[in-house]
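The values are calculated or read from the model by the stated rules, or taken from the named source; none is laboratory data. Please read these numbers as outputs of a predicted model, since none were measured by experiment. Here the Cβ is made from the backbone with ideal geometry for all residues, glycine too, and neighbour counts use every protein chain on show. The accessibility values were calculated without ligands, DNA or RNA, using every heavy atom of the protein model including side chains. Shrake-Rupley method; radii C 1.70, N 1.55, O 1.52, S 1.80 Å.
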Amino acid sequence: MTNQHPPRPWWVRIPAKLVLGRPFTAVLFLLVLSMASAWLAAGNTFDHDLRDLLGDSQQSFAQYQQCIELFGPDDDIFIALPMPGLGTATLRQALEIREAISDLPGVARVFDLAAACNLTSVDRLERLQERPRLLERRLRELSGSTSLRGFLLGQMEKAHALAVRSTPLSNREKQDLVRALRQRLQEKFPGLEFHLSGYQVFGERYIWHTIHGNRKFLGLSFVFALGMSWLVLRSIALTTAVLLAISLPVIWTHGLYAALGYQMSLYSSLLTPIILFVGLSLAIQFIARYRLAHHAAEASGSRGIILQALQDALPPGFLCAFTTLLGFASQVLSPIPGIRAFGIFSSIGCGFAFLAVFFVIPLFLDRFPHIAAFSHPLLASTPICPGFRKRDFGHQAGHLLASCSLHPRTVVCLMLATSIVLGLGIPRLSFGSDPLAALPPDDPAVTGFTFFARHFAMGDRQISMLVKSHGPSLDSAAGFALLQRYEGSLASDPGVLAVLGPAKLLREVHSAALGSPTTNGMTSGDVDRAIRFAVKNPGSWIGGFLNFPYRDRARIIVGLRYSDSPRVITAAQRLERLAGEVSNGALTATATGRMLLSAMVEQEALTIEIGSFLSSLAGILLVIGIGFWSWDAHTDTVTWDDATCRAFALTQAQAPRTIRQFLERVHT
């Protein structure tokens with residue numbers, strides 16, 4: 001009599017028919033799919049975009065985009081250089097650097113001390129040197145300029161800077177511009193000490209470190225997966241099959257990621273290790289089931305063993321992949337687009353890992369059945385310790401875990417203590433909005449930021465105030481007076497380090513045109529003449545502060561004294577309210593800028609973390625039945641939560657509302 005095996009379930013027959021029935025077609029399909037995915041993934045680029053991190057603050061990003069459309073990019077690249085003192089050598093150096101970099105793609109304009117003196121070439125500087133008194137007056141004007149000091153002229157006149165304003169560029173083009181500037185300066189001025197600073201410089205170095213770090217990270221992930229496979233399987237052929245099965249879903253996921261238009265980011269770099277080790281867990285589980293079926297010899301032939309292994313491994317493997325998939329899919333509820341994309345593609349990658357393991361490895365074992373004959377102690381029923389005779393690895397692992405387990409009350413107490421510590425600690429966290437923390441301390445961007453912050457008042461802690469007039473035009477005397485009053489109020493704020501705005505610039509332009517400082521208020525004609533003079537002056541910044549030709553809006557750059565997110569956001573809100581207070585509602589101001597957006601991102605991340613923690617804490621308290629109550633002594637109000645009401649068998653309507661009602665329920 002022959003053993004009659006019951007018919008296989010449909011979820012075993014379908015993969016067996018697809019893979020084992022047509023192996024050539026399956027291999028060809030996997031090969032074409034993998035090559036197409038690899039081609040798409042290889043062509044994808046890394047991007048660092050604040051929009052992917054802002055979540056519910058997309059309106060803030062829209063205001064930032066509006067500021068750029070009206071006044072140009074706000075992320076100028078600063079080239080800071082040490083100098084012994086303000087003189088003709090400094091002006092000559094600024095002119096030579098400007099001439100060397102002006103022809104680079106993406107450079108719109110270069111602001112420097114020489115341009116502030118209306119010097120457009122070295123020849124004009126030489127002609128100015130022939131007039132010593134005029135040269136001395138120009139240098140004196142530079143030294144006394146409050147708008148240049150702290151921006152292009154360093155404190156104590158020990159450094160000067162060139163501000164490179166770019167055309168509207170994509171993130172990739174900004175990175176190319178930073179690299180081109182660094183290379184051009186090194187080629188044209190060998191041995192010159194210079195420091196690049198600005199948000200574009202940080203972005204270029206951040207992406208460079210992220211790409212190189214991802215390569216090392218991916219390499220270590222594959223090496224670790226290879227080591228784990230070899231440690232457990234002890235077979236080169238099986239290890240090769242497992243690595244193939246867990247690598248294909250990584251390629252497929254990144255290919256789909258690129259095909260749908262997503263660019264690589266810090267989140268997408270985490271997809272690879274997640275998919276690798278989900279696939280590794282499923283692969284080892286399937287091979288363990290295959291070896292158990294092989295040793296049991298209940299099935300006839302290699303395909304019978306594979307079918308038995310599929311029948312045993314598919315249900316737990318599906319549950320493992322499905323629960324992991326659901327865990328990552330919960331990230332789609334996040335308000336941050338980058339986290340949502342990470343959750344979606346992590347779930348897709350887990351699904352791909354499940355399909356690859358249960359399609360590729362059975363196909364491999366069907367073609368090479370002898371490679372799984374070797375029995376390793378971790379995957380077979382051979383005892384690995386003399387004290388555990390006639391027990392397999394599952395019994396031994398279970399005994400070990402049981403011996404290490406704690407009493408349930410101890411576990412609950414530990415969880416509650418940990419939750420209380422985290423609950424007290426998380427609200428005290430504050431993010432610094434410091435981009436330098438993401439870079440190594442010896443990186444050129446870090447040294448450049450440090451040099452720039454030491455010599456220049458603004459440093460990298462700048463926000464922009466987008467001002468709109470609802471009353472007089474900003475090119476009139478009344479509008480100019482409102483702007484001047486608001487700039488003065490900003491400068492007197494305790495959190496503000498420096499202010500640069502159109503009112504300050506126009507006063508200096510008007511004074512330079514008259515040849516003497518302006519002592520009285522400027523009329524509408526004076527403002528109009530100063531604007532026309534500033535527009536013609538190649539060293540003027542006025543185009544980045546007034547909205548030509550309408551002149552109904554203005555931009556004021558504010559340098560803050562601190563960079564931590566809560567105080568940056570609080571200061572921005574305070575400075576916005578200040579506009580209406582000093583102008584009786586004639587001016588409204590909106591704070592924007594990359595620093596403010598970064599602070600919003602960090603605060604939103606902190607809010608999400610706190611919300612997630614509180615949800616987990618609420619779940620724990622619900623399970624163990626602990627509730628909370630509070631008493632406001634000033635208003636004599638007692639508040640019970642739902643858990644406390646359940647503990648006393650009361651509804652919220654029956655809960656005590658005053659301390660007297662509470663004491664009435666206390667029995668002595």
*Under a 5 Å amide H to amide H cut-off, with H placed in plane at 1.01 Å, what residues pair with Gly593 once short-range neighbours are removed?*
Ser464
_Gain in span if fully extended, Leu260 to Ser473, counting 0.36 nm per residue against the direct Cα distance_ = 72.0 nm
*Give the carbon-plus-sulfur fraction of the accessible surface of the range 215-268 in %, rounded to a whole number; probe 1.4 Å, heavy atoms of protein chains only.*
76 percent
_Rg/Rh for the range 159-202 to two decimals, with Rh computed the Kirkwood way over all alpha-carbon pairs._
0.97
*Apply the Karplus parameterisation 6.51 cos²θ - 1.76 cosθ + 1.60, with θ equal to phi minus 60°, to every residue of the range 488-502 and state each ³J(HN,Hα) to the nearest whole Hz, in sequence, with x for glycine and proline.*
x, 5, 5, 5, 8, 5, x, x, 9, 9, 8, 9, 10, x, x
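What does the charge dipole of the range 178-280 about its Cα centre add up to, to the nearest 20 debye, if the Cβ of each Lys and Arg holds +1 and the Cβ of each Asp and Glu holds -1? Please report the intermediate quantities before stating the final value.
Details: 8 positive and 3 negative charges, 29 e Å.
Using Cβ point charges on Lys, Arg, Asp and Glu, the range 178-280 gives about 140 debye.
Quick check: convex hull of the Cα atoms in the range 128-189, volume per residue, rounded to a whole Å³?
On the way: hull volume 8.9 nm³, N = 62.
It is 144 Å³ per residue.
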*If you wrap the range 95-175's Cα atoms in a convex hull and average its projection over all directions, what's the area in nm²?*
6.3 nm²
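Ranking request for peptides 449-456, 640-647, 305-312, 559-566: highest mean number of other beta-carbon atoms within 10 Å first, then the rest in descending order.
Ranked by mean Cβ neighbours within 10 Å, highest first: 305-312, 449-456, 559-566, 640-647.
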*Using only Cα atoms, what Kirkwood radius does the range 92-239 have, in angstroms?*
19.0 Å
*So if R0 is 35 Å, what FRET efficiency would Asp493 and Ala453 give, r being the distance between their Cβ atoms, rounded to the nearest 0.05?*
0.95
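Taking 0.36 nm per residue of sequence separation and subtracting the Cα-Cα distance, how much length would be gained by fully extending the chain between Leu192 and Glu136, in nm to one decimal?
On the way: separation 56, 0.36 × 56 = 20.16 nm, distance 2.67 nm.
So the chain would gain 17.5 nm between Leu192 and Glu136.
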*Given the Cα atoms of the range 203-276, and with Rh set as the inverse mean 1/r over their pairs in the Kirkwood sense, what is Rg to Rh to two decimals?*
1.05
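Give the peptides 187-199, 140-152, 210-222, 463-475 in descending order of average Cβ contacts within 10 Å, highest first.
Details: 187-199: 15.8, 140-152: 18.2, 210-222: 13.5, 463-475: 20.2.
Most protected by this proxy first, the peptides run 463-475, 140-152, 187-199, 210-222.
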*asked:* Can you list residues from other chains, or at least 5 along the same chain, whose modelled amide H is less than 5 Å from the amide H of Arg553?
replied: Asn547
*In whole Hz, what ³J(HN,Hα) sequence does the range 139-147 give by Karplus (6.51, -1.76, 1.60; θ = phi - 60°), x for Gly and Pro?*
5, 5, 5, 4, 5, x, 6, 6, 7
*Using the C-alpha atoms of the range 152-253, what convex hull volume per residue, in cubic angstrom, is computed?*
179 Å³
